[in-house]
Amino acid sequence: MTTLEQSRLLATEIPGPRSLELTKRKTTAVSRGIGTTMPVFAQRASGGIVEDVDGNRLIDLGSGIAVTTVGNSSPRVVSAVQDQVAEFTHTCFMVTPYDGYVSVCEQLNRLTPGSGEKRSALFNTGSEAVENAIKIARSYTKKSAIVAFDHGYHGRTNLTMALTAKSMPYKSGFGPFAPEIYRAPLSYPYRDGLIDKEWGTDGELAAKRAINVIDKQIGAGNLAAIIIEPIQGEGGFIVPAEGFLAALLEWCRQNDVVFIADEVQTGFARTGAMFACEHEGIEPDLIVTAKGIAGGLPLSAVTGRAEIMDAPHVGGLGGTYGGNPIACAAALAVMETIEADGLVERAGEIERLMKARLGRLQAEDERIGDVRGRGAMIAVELVKSGTDEPNPELAKELSTAAHAAGVIVLTCGTYGNILRFLPPLTISDELLEEGLDVLALLLADL
């Protein structure tokens with residue numbers, strides 16, 4: 001396995017000539033509906049660096065949208081995948097099962113919050129796992145309605161588009177959507193606090209607002225489940241006010257409603273805990289995971305209380321590729337790496353470094369309205385000078401300039417005004433600081 005120098009290098013302008021040529025090929029071969037964030041094509045990646053086909057080395061502050069949490073081509077993952085490929089690539093677990101699938105489920109049952117008996121089921125993508133969590137909740141409760149939350153993102157399939165709040169680019173023109181999906185207000189401390197400070201800091205009060213909407217518009221007697229990201233991803237890395245999630249969970253337990261935590265983006269050490277729910281001390285009925293679970297291979301899971309997970313009839317869950325043996329081998333290596341290399345603690349170190357640097361920047365620049373997040377999941381909310389009005393134009397200009405300077409950053413948010421940072425947990429402090437220094441200089445120039 002070749003090593004990749006962990007330093008930023010601009011060998012050409014970005015994009016370089018080979019990336020430009022590949023872009024022409026992409027235009028004629030790939031559907032226009034598949035967008036790309038960066039105008040470069042990757043050649044190699046390791047640690048905190050992505051190298052493109054022109055030899056440019058880019059600082060990776062995106063991790064493929066929180067997927068390569070343990071670093072790209074992590075040694076244990078590479079070794080495990082190579083060994084499994086040599087044994088067999090597929091049999092379909094529903095035809096002739098294999099140890100790797102069972103082992104991944106055992107590890108998920110051990111690692112996810114909750115001390116009771118648990119079961120897991122494996123799938124391919126976050127969207128697919130979310131859909132199956134809904135199926136399981138409906139089977140268990142014999143009810144049909146589902147509540148999602150403002151600013152939430154849960155996927156791009158028909159059902160998960162219905163759950164997702166943001167229309168463009170995820171939903172616009174793709175309806176009609178799955179029925180019996182409803183939406184409740186989220187706790188968004190920064191924006192809520194602009195209206196009423198108490199709303200911004202009192203999670204229980206914000207939960208009462210949401211529960212009041214649920215009671216009046218749906219009714220607990222019709223509600224199978226609520227689904228929520230403990231920290232919202234695409235919605236803007238919104239961390240609800242303390243007590244919000246716990247109050248919702250308590251209401252669910254009192255009303256025979258399944259509480260589903262969508263930890264697709266927050267899971268597997270990303271937030272400075274193995275799962276973001278742990279920060280609030282809550283134990284969801286079902287927890288959905290994907291992204292960082294398998295180091296870049298397609299795998300997802302639903303894990304939860306045994307009596308809920310066992311509710312569907314035999315054959316009611318599954319899928320040809322779900323729990324593919326190669327992805328399972330990778331997942332076991334990822335979980336081993338997180339625990340053996342102390343990556344939960346490393347995420348906390350990244351949070352302290354990033355918040356300190358971005359906090360200083362915020363004190364100097366009134367266009368930074370908020371700095372928030374947990375672990376290696378940090379966001380900056382950009383606003384127009386002297387106001388709290390979202391500034392998506394600045395977010396776009398800043399991210400585009402960062403890309404040209406060799407730093408991979410992502411934008412998000414309902415208003416498109418959020419810079420989100422998802423560095424791999426294996427990135428060095430030096431690379432992380434350099435990436436933030438580049439952004440600070442660019443922000444000053446803009």
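Looking at this structure, is ALA148 more than 29 Å from GLY100 (Cβ to Cβ), part of a helix (DSSP H, G or I) and either within 16 Å of the chain's Cα centre (by Cα) or at pLDDT 95 or above (or both)? Judged against the criteria, ALA148 is not a match. Here GLU87 meets each of (1) closer than 13 Å to GLY406 by Cβ; (2) at pLDDT 95 or above; (3) surrounded by fewer than 21 Cβ atoms within 10 Å (Cβ to Cβ) with one exception, condition (1).
Of the numbered criteria (1) charged (D, E, K, R); (2) more than 28 Å from THR112 (Cα to Cα); (3) without any contact (Cβ under 8 Å) to a residue 40 or more places away in the chain, the one ARG357 fails is (3). Assessment of the range 175-197 against the conditions (touching a strand residue (DSSP E or B) at 6+ places or on another chain (Cβ under 6 Å), over 20 Å from ILE231 (Cα atoms) and assigned to a loop (DSSP other than H, G, I, E, B)) yields at least one matching residue.
The set of residues in the range 14-24 being among the charged types (D, E, K, R) and touching a residue at least 24 places away in the same chain (Cβ under 8 Å) consists of ARG18 alone.
Among the residues of the range 201-222, is there at least one that is within 21 Å of VAL371 (Cα to Cα) and crowded, with 24+ Cβ neighbours inside 10 Å? Yes: one or more hits.
Going by what's in this entry, would GLU433 be described as within 26 Å of LEU111 (Cβ to Cβ) and surrounded by fewer than 20 Cβ atoms within 10 Å (Cβ to Cβ)? The answer is no for GLU433. Residue under question is PRO169, and the condition is that it be assigned to a loop (DSSP other than H, G, I, E, B), touching a residue at least 40 places away in the same chain (Cβ under 8 Å) and closer than 30 Å to ASP388 by Cβ; does it hold? Against the criterion (assigned to a loop (DSSP other than H, G, I, E, B), touching a residue at least 40 places away in the same chain (Cβ under 8 Å) and closer than 30 Å to ASP388 by Cβ), PRO169 qualifies.
When ALA42 is tested against the conditions (1) farther than 22 Å from VAL438 by Cα; (2) more than 20 Å from the chain's Cα centre (by Cα); (3) among the hydrophobic types (A, V, I, L, M, F, W, C), the lone failure is (1). You will find that of ALA330, ALA356, the residue that is out of contact with any helix residue (DSSP H, G or I) (no Cβ under 9 Å at 6 or more places or on another chain) and either over 16 Å from GLN265 (Cβ atoms) or not charged (D, E, K, R) (or both) is ALA356 and no other. Entry remark, the range 270-322: residues being of a type in the set (Val, Ile, Thr), outside any loop (DSSP other than H, G, I, E, B) and touching a helix residue (DSSP H, G or I) at 6+ places or on another chain (Cβ under 6 Å) number 5 in total. Restricted to the range 28-141, the set of strands (runs of 3 or more DSSP E) holding at least 2 residues that are assigned by TED's automatic domain parsing to the domain that holds ALA269 comprises 118-123. Of all residue pairs spaced 6 or more apart or on separate chains, those with beta-carbon atoms under 6 Å, a first member in the range 423-446 that is farther than 24 Å from ALA363 by Cβ and a second member that is in a loop (DSSP other than H, G, I, E, B) and among the aliphatic types (A, V, I, L, M) are LEU425/ALA376. A single entry from ALA306, ALA331 fulfils the requirement of being under 23 Å from SER74 (Cβ atoms) and either assigned by TED's automatic domain parsing to the domain that holds GLY235 or modelled with pLDDT under 95 (or both): ALA331. When the range 68-84 is filtered for residues that are surrounded by 15 or more Cβ atoms within 10 Å (Cβ to Cβ) and either under 21 Å from ARG346 (Cα atoms) or touching a Phe, Trp or Tyr at 6+ places or on another chain (Cβ under 9 Å) (or both), the ones remaining, listed by number, are THR68, THR69, VAL70, GLY71, ASN72, SER73, SER74, ARG76, VAL77. Does GLY323 fit the bill of being in the same structural domain as THR266 (by TED's automatic domain parsing) and on the phi > 0 side of the Ramachandran plot? When the stated conditions are applied, GLY323 passes them. Taken together, the residues in the range 242-266 that are touching a residue at least 40 places away in the same chain (Cβ under 8 Å) and surrounded by 24 or more Cβ atoms within 10 Å (Cβ to Cβ) amount to 10.
The values are calculated or read from the model by the stated rules, or taken from the named source; none is laboratory data. Remember, it's a predicted structure, so these values are computed and weren't measured experimentally. Every residue, glycine as well, gets a Cβ built from its backbone with ideal geometry; the counts of neighbours run over all protein chains shown.
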